[in-house]
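First the structure, in the form of structure tokens, and then the observations on it.
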Amino acid sequence: MAAMAARAAALRGLRGRFRWRTRAVAGGVRGAARDATGRQDYNLLVIGGGSGGLACAKEAAQLGKKVAVLDYVEPSPRGTRWGLGGTCVNVGCIPKKLMHQAALLGGMIRDAPHYGWGVAQQVPHDWKKMAEAVQNHVKSLNWGHRVQLQDRKVKYFNMKGTFANEHVVCGVTKDGKETLLSAEHIVIATGGRPKYPMHIEGALEHGITSDDLFWLKESPGKTLVVGASYVALECAGFLTGLGLDTTVMMRSIPLRGFDQQMSSLVTEHMASHGTQFLRGCTPLRVRRLLDNHLQVTWKDLASGREDMDTFNTVLWAVGRVPETSSLNLEKAGVNTNPESKKILVDAREATSVPHIYAIGDTAEGRPELTPTAIMAGRLLAQRLYGQSSVLMDYDNVPTTVFTPLEYGCVGLSEEEAVARHGEDYVEVYHAYYKPLEFTVTERDASQCYIKMVCLREPPQLVLGLHFLGPNAGEVTQGFALGIKCGASYAQVMQTVGIHPTCAEEVAKLRITKRSGLDPTVTGC
């Protein structure tokens with residue numbers, strides 16, 4: 001560390017000012033310049049090779065700038081590691097959606113005889129085969145990202161980055177070799193990692209997180225999922241769908257931050273399709289038995305009674321923490337929220353140091369969503385190098401929870417709308433509906449539900465849309481554009497639906513909650 005500090009000190013000119021060189025470099029304008037200290041100079045240095053960081057780096061490179069990306073994945077406590085691309089590609093959106101699809105296929109097999117297909121109903125699921133296929137796809141995406149960086153002449157360093165000062169980052173390889181990198185602008189896009197509840201005995205030694213689940217070679221077997229986040233419910237949903245005995249332990253409410261009526265319907269559907277729930281409970285300890293099973297003891301918070309059961313796997317899904325602790329942000333003067341450890345940023349994504357930026361999950365107050373990080377990264381690069389002044393708009397960002405019955409939403413929840421505008425100024429249109437696909441198979445559609453939250457005063461601006469049903473992401477994405485453009489309730493009602501689809505039910509919402517009328521849609 002002393003050697004690193006000495007080299008960093010050598011990079012400061014007279015009176016502590018950082019000296020910039022803009023000389024041409026042999027081999028092309030995007031090659032990294034080196035000075036006598038061995039430092040490599042760039043226009044833009046991105047710390048973190050996830051969705052947001054890569055999008056920012058590629059955009060800046062396309063605008064003709066010299067760009068470098070530092071990315072290094074610390075193995076999980078269980079030892080799981082992965083390649084370039086960040087959480088979404090490796091241990092998030094991509095493998096999650098593929099395993100969700102695998103579970104949905106199981107339901108389609110059960111539906112098939114109703115449509116005349118002579119399909120055996122006792123079809124076993126092969127976790128190992130599914131996992132291998134999913135992991136191979138993820139590895140292809142890792143390779144694709146590296147190729148794209150190379151094609152755009154972005155220099156990729158498989159190193160862990162830490163700040164030496166406000167313009168210099170020290171990259172360290174897994175073997176301890178150090179490389180000094182400097183840049184006019186630095187973007188922090190290191191994302192986050194799952195939390196372990198360290199106060200629970202045996203949590204770290206015997207539990208896994210979503211960082212491990214998607215890379216398991218063998219089936220997790222009987223699984224306890226601890227948490228009520230979307231990660232918890234999505235994982236529990238596809239595990240149940242794959243035929244595994246799955247229990248969710250929730251201390252309080254499900255899907256905190258989402259519309260609570262919709263959240264309740266999500267868990268109702270899961271419970272009716274085999275997922276078990278331990279509500280109002282918190283784990284006390286996890287111990288490994290001689291037969292290698294995990295014995296979990298928990299407490300019912302209402303009664304104070306303790307209980308226990310055995311599982312093959314305990315999956316912690318109790319939140320995430322930003323990857324900021326190892327960046328030495330104090331050496332660069334970058335301020336963080338002392339509680340969340342996230343980096344404080346302004347509307348331009350700038351930190352307390354004007355030329356250092358933070359995007360994605362590491363930034364305070366930003367949605368922890370891949371598409372927002374990607375767009376924020378691209379817009380940042382365009383503002384820095386493309387004569388653009390467009391800021392990222394974080395309002396009305398759509399998202400979907402990929403539980404067995406998918407929940408898509410955009411805009412305000414009913415609770416948020418009431419808190420912001422007052423109950424007397426909010427109108428909620430809603431309906432239960434039955435997807436056509438559910439009719440022949442006689443599937444239960446009790447939780448298929450749509451809710452549109454509007455201002456009551458004309459023209460009844462749409463504040464939020466909530467959709468629970470098949471293909472919720474596809475439905476919500478389309479309506480998100482209208483809501484982003486300021487759609488009113490009347491405009492949605494004047495939109496001609498595509499028949500027969502679930503999405504057309506949104507344009508049929510006529511019943512308000514206030515009316516007390518039955519909101520069940522009877523069909524065509």
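One line per residue, one yes/no per condition, for (1) polar (S, T, N, Q); (2) open to solvent by less than 40 Å² (accessible area, probe 1.4 Å); (3) at pLDDT below 95:
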| residue | (1), (2), (3) |
| --- | --- |
| Asn292 | yes, no, no |
| Asp309 | no, no, no |
| Ala317 | no, yes, no |
| Leu327 | no, yes, no |
| Lys342 | no, yes, no |
| Pro354 | no, no, no |
| Ala358 | no, yes, no |
| Gly365 | no, no, no |
Query raised in the report: Would you pick out the residues in region 181-211 that are outside any loop (DSSP other than H, G, I, E, B) and buried (at least 21 other Cβ atoms within 10 Å of the Cβ)?
Result: Leu181, Ser182, Ala183, His185, Ile186, Val187, Ile188, Pro194, Ile208, Ser210, Asp211
Query raised in the report: Mind checking whether some residue in region 348-364 is over 26 Å from Pro197 (Cβ atoms) and touching a Pro at 6+ places or on another chain (Cβ under 6 Å)?
Result: no
Query - Matching entry among Val69, Val89 (being closer than 27 Å to Leu44 by Cα, outside any helix (DSSP H, G or I), among the aliphatic types (A, V, I, L, M) and open to solvent by less than 20 Å² (accessible area, probe 1.4 Å)) - result: Val69
Query raised in the report: Among all residue pairs at least 6 apart or on different chains, which show Cβ distances below 6 Å where the first residue, located in region 55-73, is more than 14 Å from Val172 (Cα to Cα) and touching a residue at least 24 places away in the same chain (Cβ under 8 Å) and the second is polar (S, T, N, Q) and surrounded by fewer than 23 Cβ atoms within 10 Å (Cβ to Cβ)?
Result: Lys65/Asn43; Lys66/Asn43
Report summary line: Counted residues in region 417-474 being under 30 Å from Gly106 (Cβ atoms) and over 25 Å from the mean Cα position of the chain (by Cα) come to 16
Query raised in the report: Inside region 243-259, can you point out the residues that are under 16 Å from Leu405 (Cβ atoms), assigned to a loop (DSSP other than H, G, I, E, B) and out of contact with any Cys (no Cβ under 8 Å at 6 or more places or on another chain)?
Result: Pro254, Leu255
Query raised in the report: Of Pro459, Pro470, Pro435, which residue is open to solvent by less than 10 Å² (accessible area, probe 1.4 Å), outside any strand (DSSP E or B) and either under 17 Å from Pro404 (Cα atoms) or touching a residue at least 24 places away in the same chain (Cβ under 8 Å) (or both)?
Result: Pro435
Query - Filter result for the condition that a residue is buried (at least 17 other Cβ atoms within 10 Å of the Cβ), within 22 Å of Lys195 (Cβ to Cβ), at pLDDT 95 or above and not hydrophobic (A, V, I, L, M, F, W, C), over Thr297, Thr313 - result: Thr313
Requested in this report: Residue by residue through region 117-165, note down the ones that are under 30 Å from Val440 (Cα atoms) and in a loop (DSSP other than H, G, I, E, B).
Outcome: Trp117, Gly118, Val119, Ala120, Gln121, Gln122, Val123, Pro124, His125, Asp126
Requested in this report: Looking only at region 95-102, decide whether some residue is surrounded by fewer than 13 Cβ atoms within 10 Å (Cβ to Cβ) and either closer than 28 Å to Met270 by Cα or of a type in the set (Ser, Thr, Tyr) (or both).
Outcome: no
Report task. Scan region 243-261 for residues that are open to solvent by 20 Å² or more (accessible area, probe 1.4 Å), under 20 Å from Ala102 (Cα atoms) and in contact with a Ser or Thr (Cβ under 8 Å, 6 or more places away or on another chain) and report the count. Result -> 2
Report summary line: Of the conditions (1) over 30 Å from Ala103 (Cα atoms); (2) assigned to a loop (DSSP other than H, G, I, E, B); (3) at pLDDT 95 or above; (4) among the polar types (S, T, N, Q), the single one that Thr403 does not satisfy is (1)
Query raised in the report: Quick one: in region 329-339, which of the residues that are open to solvent by 40 Å² or more (accessible area, probe 1.4 Å) and under 22 Å from the mean Cα position of the chain (by Cα) is farthest from Ser389 (Cα to Cα)?
Result: Glu339
Query raised in the report: In the list Tyr394, Tyr407, Tyr385, which residue meets the criterion of being among the hydroxyl-bearing types (Ser, Thr, Tyr), out of contact with any Cys (no Cβ under 6 Å at 6 or more places or on another chain) and open to solvent by 40 Å² or more (accessible area, probe 1.4 Å)?
Result: Tyr394
Query raised in the report: Applying the selection to region 480-500, what residues are in contact (Cβ under 8 Å) with a residue 60 or more places away in the chain and open to solvent by 50 Å² or more (accessible area, probe 1.4 Å)?
Result: Lys484, Pro500
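Does region 502-524 hold any residues that are open to solvent by less than 50 Å² (accessible area, probe 1.4 Å) and free of Cβ contacts under 8 Å to residues at least 40 places away in the same chain, and which are they? Before the answer, list the steps.
Taking region 502-524 and keeping what is open to solvent by less than 50 Å² (accessible area, probe 1.4 Å), we get 502-507, 509, 511-512, 519, 521, 523.
Result: Ala503, Glu504, Ala507.
The values are calculated or read from the model by the stated rules, or taken from the named source; none is laboratory data. Being a predicted model, the structure only gives us computed values, none of them experimental. All Cβ positions, even for glycine, are placed from backbone atoms using ideal geometry, and neighbour counts span all protein chains on display. Accessible surface areas use protein heavy atoms only, side chains included; no ligands, DNA or RNA. Shrake-Rupley method; radii C 1.70, N 1.55, O 1.52, S 1.80 Å.
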